[in-house]
Structure formats: structure tokens, C-alpha cells
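Only one structure is covered here, and it is reproduced in the block below.
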Amino acid sequence: MNNQRGQRRPRATVPEQTTAKTQAKVNGRREEQRDSRNDGKHQPTGAAKDHGEKNGHTKKQMEKSGSQDKPATITSDTKLAPQRANGNRQSQKGVSSRDRDETSKTSEDPRAPDSRARKSAHNADHIGDKQDTKESLSKKKTDQRKFESEGKQHKDDAQEIAKSKQCKKETNPERSESQDKSATHPAPQQAHNKRQSQKQNDHSNRNGDDGSPERSTGAHQEKRRANTHNSDHTNSAGDAQKLETPRLVNDKLEKVLHATLDKLKIKKAERSKASSRVNEMTKTVIFHLKRKMTWCEDIESLTTGSYYENVKICEPDEFDVMLTIPVERVDIQRFNGSGAFYSVALKRLPNKHPLTRFLNDDRTIRASEMLNEFRDGVKEAMDLLSFRDKINVQRKKPKCPAVTMQINENGNQISIDFVLGLKVRGSWPVYTSNGFKIEDWLSKKVKADFKLKPYYLVPKYEGKGNADHDGVVAKDVWRISFSHVEKDIMKRHGHSKTCCESKEQKCCRKECLKLLKYLLSQLEKMYPEKMSKFCSYHAKTTLFHTCARKVEDSEWAYSRLANCFQELLGNFVESLRNQDLPNFFVPSQNLLHQDHVPKNNCEFLAKQIELQQNNTFPIFQDTRTPRSP
């Protein structure tokens with residue numbers, strides 16, 4: 001009991017929260033201290049001696065005031081006890097100020113041997129009080145920061161809940177409306193639970209240890225994780241409900257497209273047999289033309305078309321072979337505004353030139369006469385074949401530069417188009433300068449290499465054959481052709497130079513073209529009149545434009561077949577709607593111009609393609625195609 005004064009007195013940081021029991025203990029402890037001082041017991045060392053001196057000094061003051069007896073001291077303490085219980089703060093202030101006065105008086109006494117020890121004890125008490133004050137201030141700041149962070153987190157939670165509600169409304173408006181109503185008018189049990197949780201949080205914030213920042217922050221983070229988990233579960237459920245149908249549609253479409261491609265594959269045996277017949281006919285025709293026609297002495301063959309581009313579908317029943325006559329030093333003049341049709345005149349004509357017999361006075365070549373002699377020579381060459389009884393020469397089609405031969409063998413039909421052409425060495429026409437944009441797709445170097453190659457001209461015209469333009473009639477006009485470049489592009493179509501090689505990742509560019517060609521061919525069987533103006537070259541041109549914009553091989557991965565095919569169809573439908581499909585090499589030529597394809601036909605095909613898309617291509621599944629209303 002004598003050492004009670006030397007210990008630190010407990011300091012209530014928040015007096016309002018001190019209980020009555022704690023106040024009684026403090027008051028009892030002070031009474032005992034006061035009794036010990038009045039008894040005048042000897043305190044041998046340290047703080048005890050200091051207390052003894054304090055007690056003696058206090059007795060002298062009490063003697064002067066006439067209150068020396070012990071009962072008077074006990075009575076005064078008894079009277080002050082209720083006041084201390086009711087006003088703990090004032091009592092503490094009084095005691096603290098009185099002790100400080102006594103300590104200061106004692107410390108001023110030079111006779112006190114332990115004044116230095118008392119001074120250090122007093123400084124320690126003062127530092128402890130300051131430290132307690134700092135701790136209380138830091139706790140208040142921590143509580144304030146925690147309150148602000150909780151407010152910010154509650155605000156973020158409210159925003160996340162609002163976003164999830166908006167997503168649910170977009171996915172299921174009726175369900176979201178009912179949830180909004182339930183959120184506006186919560187159930188009584190939910191409201192009660194909410195009030196209970198708020199009370200528990202307030203109680204934990206008021207308590208010392210339970211309301212610490214670490215404890216409260218951990219609880220709040222746990223609650224936030226639970227809310228986030230519930231929100232993620234709700235959002236994932238909504239996303240699953242939202243994406244379930246498209247995913248099923250894509251899976252079904254993938255199966256339909258892959259099954260269609262399997263059906264379009266050509267058997268190797270059939271391919272080999274057909275190609276052998278074509279090669280035999282080509283060699284025979286070239287041999288006969290070189291022997292019978294002087295202007296065909298330097299004739300060459302150029303295999304072009306879908307078969308040699310490896311995009312032939314179903315059966316090897318169509319082949320294109322261009323037989324070309326090399327010419328140099330020519331003057332070409334545009335025939336109309338498209339930039340794809342030209343009149344051809346020879347420059348510095350020598351005395352004996354193989355084409356002299358086909359020249360006009362202005363040295364322009366009469367393409368119609370060359371084509372007629374070429375046709376007769378091809379027909380004569382068929383008589384030299386061993387299977388000539390199986391070959392039929394097809395009737396000449398208007399404005400068509402080809403001589404078509406059809407082979408009927410073992411129930412199979414093979415069609416071969418022999419096309420006359422001029423092989424022109426020199427710079428490409430100026431109207432190609434804004435086209436052939438493959439720099440980002442195949443690189444600038446590849447484009448430069450292609451531009452060094454010759455270009456070709458075939459005897460084909462537009463409009464009426466007798467139409468005159470600057471002294472040149474339409475039937476003597478030549479159309480520019482880059483079929484050899486098209487074949488090379490289809491063979492090395494990858495951006496990475498290794499696309500579709502044996503050990504590399506395969507793309508779906510050719511597969512998309514095959515599917516589009518097959519779609520057009522099937523629609524042509526069902527609607528021959530409406531589809532008569534369309535051909536596979538429209539599909540190939542659409543693919544070239546799409547590849548020039550979508551250059552990366554990863555974007556054409558085989559696993560993305562459905563997406564790429566849908567995108568290709570979308571581009572083609574857009575061209576049909578706008579009735580605008582520029583030639584890939586000559587942008588000034590519109591392949592869907594009104595003069596070539598009527599607008600009604602474009603609208604019809606666009607509707608049919610969209611109808612097939614919306615029904616997962618029933619035309620590929622050998623079912624009846626739903627007709628548009």
C-alpha cells in the first residue's frame with residue numbers, strides 16, 4: 001500500500017465510457033492512500049519516503065486548519081466519496097493538481113536527498129500522459145480514416161450493385177423489374193438482419209480490442225469478399241444465361257460448316273484422272289495451233305482458275321487454260337471509264353509480224369477476228385484426240401473469250417475453257433496504281449515482285465459489240481487480267497510466309513472462299529434467273545478485300561472458321577446492298593455496276609444470304625431453304 005503513489009495512476013482516455021465499478025475501485029484506492037498518509041507510517045526509501053514527507057507536510061496544514069483528528073479525516077473522505085463517484089473527471093483533476101502542487105513543493109526543497117529521483121518519476125508520469133494522449137489522437141485518426149474508407153467502399157459496392165442490376169435488366173427485363181421492387185420494399189426479416197448487423201458493427205467499433213482497425217478492417221474485407229462472390233455468382237449466372245444461346249448457335253454453325261467442307265472435298269483419284277485428261281487436251285491444242293497458224297508459233301499455256309488455286313469444290317469438273325501470245329511495245333488506250341478495258345495497238349511494227357493480218361490502219365488489233373480463228377483451231381485439234389467421240393464443243397456464249405469443251409466419260413462431265421490472251425511485258429496500266437493493296441498483308445516486297453511480272457489481256461467487251469469509241473468498236477476491245485497473280489496469291493496467302501505449310505498452323509481463308517462459292521452455286525440452282533449475273537469471281541474479290549483489311553494469320557485461324565465466314569458474308573452483303581464491289585486490281589471498275597448486275601438482283605441475293613445466316617444455313621444441310629416473304 002505504501003508503494004501505490006509510485007505507480008502510474010490509470011488514466012481514463014474516454015471518461016464517459018468508464019463504468020461505476022471501475023470508479024469505485026479508483027475511489028477505494030485513493031481512500032487507502034489517504035489513510036496511509038494520515039497514519040504517518042514510515043516509508044524507508046525512494047518514493048515511499050517522498051510520500052512520508054508529503055504526509056507530514058499535509059498534517060501540518062491540517063493542524064493549522066483545526067482538523068487533526070482521524071475521524072474528521074474519515075468523515076470528510078466519506079462525504080467526498082459520492083462526489084467522486086458522480087464526478088470522476090473533476091476528482092481526477094483535483095487530485096492531479098494537488099499532487100502536482102505537492103510534488104513541485106517537495107522538489108523545490110533543496111534538503112530533499114531524493115529530489116532528483118522524484119523529478120525523474122514525475123517526468124516519466126508526464127511522458128506517459130503525453131504518450132496516452134498521442135495514442136488516443138492516433139486512434140481517433142485511425143477511426144476517422146476507417147470511417148472514410150468504409151464510406152468509400154460502401155459507395156463502390158452501391159455502384160457495383162447498380163451495374164449488376166443494369167446487366168440483369170438487359171438480360172431479363174421482367175426479372176430485373178421484380179428484383180428492383182423487392183429491393184425497394186425489403187422483407188421484414190431482411191430489414192431486421194440489416195439492423196442487427198449494423199448494431200454489431202457499432203458495438204465492435206465502440207469496444208477497445210474488438211473495434212481495433214485491424215479487426216474491423218478484416219471483418220469488412222471478409223464481408224466485401226462475400227458480397228463480391230455473390231455479385232460475381234449473380235453476374236456469371238446472368239452472363240451464362242445471356243451467352244448460352246449464341247454459344248449453342250456457334251457450336252451448331254461450326255458443325256454445319258465443317259460437315260459442308262468435308263462434303264466439298266475432291267477425291268484424289270478423281271482429281272488425278274481429270275487433270276490427266278486436261279493436260280492431254282492442252283498439249284494437243286498447242287501442238288495443232290503452232291503447226292497450223294503462224295501467229296501462234298510462240299503460244300504458251302497458263303493454267304489458271306479455281307482448280308489450280310486449290311479452291312475447287314465438289315468435283316473436278318471445271319478447268320481454265322489460257323493460251324497466250326507474247327507481244328511487246330504496245331500502246332494501250334482505255335476504252336471506257338472503268339479502266340479495265342483497252343484497245344491495243346502495236347508500236348514500231350516490223351515488216352513481218354505474226355499479227356499484221358489482224359491490224360487496223362491505226363495498228364490496233366481486231367480482237368474479234370483473232371478469237372474466231374483461235375476458236376476454229378481449237379475445234380480442229382479435238383479431232384486428234386483418242387477420246388474425241390466423248391468431247392462436245394459448246395456453243396459460243398456472247399462476249400465470252402473462251403472456247404468451251406465438255407468431256408462426258410463414265411457418267412462424269414469435265415468442262416475445259418481455252419481462253420485466248422495477249423501476254424504484255426511492261427509496266428502495269430496506270431489505273432492499277434490505287435489497287436492491289438497487299439502491303440500490310442503480303443508485304444511491299446511481294447507487291448514489287450508481282451508488279452515486275454507481265455499482265456494479260458483477253459478479248460472481252462461490254463455493251464453492244466458494234467459500239468464505237470474513237471474509231472474502235474467494242475468487240476475488238478481487250479480486258480485486263482491478273483489471273484496469274486491471283487493464283488500466286490492464293491498459294492502464298494499467309495502474312496507470316498509459313499501459313500498452311502505442313503507443320504505450321506493452318507488458316508481458313510480458302511475454306512471461307514469455298515463455302516461462299518458453294519452458297520452461290522446452290523442458290524443459282526434454286527433461282528437461276530435471279531442468280532445468272534453472279535459468278536465465283538465476286539466471291540474471290542470479296543475475299544481479297546477482306547484479307548487486305550484483316551492481315552494477321554491469327555485472325556484467320558482454322559478454329560475461327562465460323563467467325564471468319566460470317567465476316568466474309570457480312571462484307572459481301574454490304575457490297576450487295578451498296579451495289580459496290582471494286583475490282584481488287586483496278587479499283588475504278590465496279591463489278592456490281594448497274595450495267596453488269598441489276599439492283600434488284602443484288603437485293604435478292606443479300607436477302608437470301610441473310611436468310612441462310614439466320615437459319616444456320618439449311619442450304620448446306622440438304623434441307624429446303626426457307627423462302628423470303
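The values are calculated or read from the model by the stated rules, or taken from the named source; none is laboratory data. All figures in this text were calculated on a predicted structure; none of them were measured in a lab. As a convention, Cβ positions derive from the backbone with ideal geometry for all residues, glycine included, and neighbour counts pool all protein chains shown. With ligands, DNA and RNA removed, areas are computed over all heavy atoms of the protein, side chains included. Shrake-Rupley method; radii C 1.70, N 1.55, O 1.52, S 1.80 Å.
Here is a yes/no grid of residues against (1) surrounded by fewer than 19 Cβ atoms within 10 Å (Cβ to Cβ); (2) part of a helix (DSSP H, G or I); (3) over 48 Å from the mean Cα position of the chain (by Cα):
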position: Trp295; (1), (2), (3): yes, yes, yes
position: Met322; (1), (2), (3): no, no, no
position: Asn336; (1), (2), (3): yes, no, no
position: Phe374; (1), (2), (3): no, yes, yes
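Among the residues here, Ser275 does not qualify as small (Gly, Ala, Ser), part of a helix (DSSP H, G or I), modelled with pLDDT under 80 and out of contact with any Lys or Arg (no Cβ under 7 Å at 6 or more places or on another chain).
Taking residues in the stretch 332-353 that are closer than 19 Å to Pro401 by Cβ, and partners anywhere that are among the aromatic types (Phe, Trp, Tyr) and exposed (fewer than 15 other Cβ atoms within 10 Å of the Cβ), not one pair has Cβ atoms closer than 8 Å while being at least 6 places apart or on different chains.
Mind counting the residues in the stretch 402-447 that are part of a loop (DSSP other than H, G, I, E, B), more than 22 Å from Met490 (Cβ to Cβ) and not polar (S, T, N, Q)? Give the steps one after another, and end with the answer.
Let us first name the residues in the stretch 402-447 that are part of a loop (DSSP other than H, G, I, E, B), namely 410-411, 425-429, 433-438, 443.
Filter once more, so that each one left must be more than 22 Å from Met490 (Cβ to Cβ): 410-411, 425-427, 429, 433-434.
Subsequent filtering for residues that are not polar (S, T, N, Q) retains 411, 425-426, 429.
Final tally of qualifying residues: 4.
Check the stretch 596-611 and report whether any residue there is touching a helix residue (DSSP H, G or I) at 6+ places or on another chain (Cβ under 9 Å), open to solvent by 10 Å² or more (accessible area, probe 1.4 Å) and assigned to a loop (DSSP other than H, G, I, E, B). No, the conditions are met nowhere in the stretch 596-611. Here's a check for you: in the stretch 468-484, which residue that is assigned to a loop (DSSP other than H, G, I, E, B) and at pLDDT 80 or above is farthest from Met322 (Cα to Cα)? Out of the qualifying residues, it is Val477. Restricting the stretch 340-354 to residues that are at pLDDT 90 or above and either part of a loop (DSSP other than H, G, I, E, B) or of a type in the set (Gly, Ala, Ser) (or both), the residue that is farthest from Val586 (Cα to Cα) is Ala345.
Could you please give the count of residues in the stretch 485-537 that are within 30 Å of Val424 (Cα to Cα), in contact (Cβ under 8 Å) with a residue 12 or more places away in the chain, basic (Lys, Arg) and part of a loop (DSSP other than H, G, I, E, B)? Summing the residues that are within 30 Å of Val424 (Cα to Cα), in contact (Cβ under 8 Å) with a residue 12 or more places away in the chain, basic (Lys, Arg) and part of a loop (DSSP other than H, G, I, E, B) in the stretch 485-537 gives 2.
The residue pairs whose first member lies in the stretch 422-449 and is under 23 Å from Pro326 (Cβ atoms), whose second member is in a loop (DSSP other than H, G, I, E, B) and open to solvent by 10 Å² or more (accessible area, probe 1.4 Å), and whose beta carbons are closer than 6 Å, counting only pairs six or more residues apart or on different chains, are Lys423/Pro454; Val424/Pro454; Arg425/Glu328; Arg425/Pro454; Tyr431/Ser588. Remark: pairs (first residue in the stretch 280-296, farther than 17 Å from Leu420 by Cβ; second residue not β-branched (Val, Ile, Thr); Cβ separation under 8 Å; 6+ apart in sequence or on different chains) = Glu280/Leu385.
For the stretch 389-437, the set of residues classified as of a type outside the set (Val, Ile, Thr) and open to solvent by less than 20 Å² (accessible area, probe 1.4 Å) consists of Pro401, Ala402, Met405, Phe418, Leu420, Gly421, Leu422, Pro429, Gly435, Phe436, listed by residue number.
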